[in-house]
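Undergrad: Quick one: this structure, given as structure tokens, is what I'll be asking you about.
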Amino acid sequence: MKYLATALLLSASLANAADLSFSDARARAVPPTADISAAFMNVTNNADSAVAMVSAESSIAETVELHTNSMVDGKMKMRRIAQIDIDANAKVELKPGGLHVMFIGLKKPLVMGETVDLKINLSDGTSQELQLPIVHIEPMMKKMNH
């Protein structure tokens, strides 16, 4: 019975990983002197249960964190968050000025036209490995005409 419960739990986890899809994933190209960058994407959960992105890893950076931006006292503030929740049968957009993956301590410049590896670790114990194209993404402040 113990083995059956373990097998059912494992198959449920695998079903969740298979029901999660990533689209429009990309990393921001930065100047050679920059030591930080960010990744953005759309995450769709087609499962009947919620899942969360709980951490991320990449060979390109010393540290990879999940972040959000929010307005505090009239100023845009970025802060680290513990996880990004993806409700059942829902889509979450990671975008400039909102939720995103932050690369800290870049080991080499992120050059437009190249790719970067990104491993997303999920709350169900599974992970997704992605290859993100490095592209030019307008800074949020430029989009806001500041």
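Undergrad: Specify which of the listed residues (S11, S70) is in contact with a strand residue (DSSP E or B) (Cβ under 9 Å, 6 or more places away or on another chain) and at pLDDT below 95. Please lay out each step first, then the result.
TA: On the way: S11 fails: in contact with a strand residue (DSSP E or B) (Cβ under 9 Å, 6 or more places away or on another chain).
Going through S11, S70 in turn, just one is in contact with a strand residue (DSSP E or B) (Cβ under 9 Å, 6 or more places away or on another chain) and at pLDDT below 95: S70.
Undergrad: Looking only at region 110-121, decide whether some residue is modelled with pLDDT under 95 and outside any strand (DSSP E or B). Full working, then the answer.
TA: The initial filter retains those residues of region 110-121 that are modelled with pLDDT under 95, namely none.
Checked against the condition, which is being modelled with pLDDT under 95 and outside any strand (DSSP E or B), region 110-121 yields no hits at all.
Undergrad: Name the residue that is farthest from V54 (Cα to Cα), counting only residues in region 86-109 that are under 11 Å from the mean Cα position of the chain (by Cα) and part of a loop (DSSP other than H, G, I, E, B).
TA: Of the residues in region 86-109, the ones under 11 Å from the mean Cα position of the chain (by Cα) are 92-95, 99-103.
Filter once more, keeping what is part of a loop (DSSP other than H, G, I, E, B): 95, 99.
On the way: K95: 17, L99: 13 Å.
For region 86-109, the residue satisfying everything is K95.
Undergrad: Out of E62, E138, E129, which single residue is in contact (Cβ under 8 Å) with a residue 24 or more places away in the chain and either closer than 15 Å to A25 by Cα or part of a strand (DSSP E or B) (or both)?
TA: Details: E138 fails: either closer than 15 Å to A25 by Cα or part of a strand (DSSP E or B) (or both); E129 fails: in contact (Cβ under 8 Å) with a residue 24 or more places away in the chain.
Matching residue, one of E62, E138, E129: E62.
Undergrad: Applying the selection to region 99-110, what residues are surrounded by 13 or more Cβ atoms within 10 Å (Cβ to Cβ) and touching a strand residue (DSSP E or B) at 6+ places or on another chain (Cβ under 6 Å)?
TA: Our first condition is that a residue be surrounded by 13 or more Cβ atoms within 10 Å (Cβ to Cβ); within region 99-110, this holds for 99-104, 106, 109-110.
Within region 99-110, L99, H100, V101, M102, F103, I104, L106, L110 qualify.
Undergrad: Suppose we filter D85, D48 for residues that are without any contact (Cβ under 8 Å) to a residue 40 or more places away in the chain and not polar (S, T, N, Q); which single one remains? Before the answer, list the steps.
TA: On the way: D48 fails: without any contact (Cβ under 8 Å) to a residue 40 or more places away in the chain.
Sole residue among the options that is without any contact (Cβ under 8 Å) to a residue 40 or more places away in the chain and not polar (S, T, N, Q): D85.
Undergrad: I would also like to ask the following. Of the residues that sit in region 65-85 and are closer than 15 Å to N121 by Cα and in a strand (DSSP E or B), which one is nearest to the chain's Cα centre (by Cα)? Write out each step before concluding.
TA: Initial filter on region 65-85 (closer than 15 Å to N121 by Cα): 65-67, 81-85.
Now narrow it down to the ones that are in a strand (DSSP E or B): 65-67, 84-85.
Numbers: E65: 8, L66: 7, H67: 9, I84: 8, D85: 11 Å.
Of everything passing the filter in region 65-85, L66 is nearest to the chain's Cα centre (by Cα).
The values are calculated or read from the model by the stated rules, or taken from the named source; none is laboratory data. Source: prediction; values computed, not measured. Here Cβ is always computed from backbone atoms with ideal geometry, including for glycine, and neighbour counts include all displayed protein chains.
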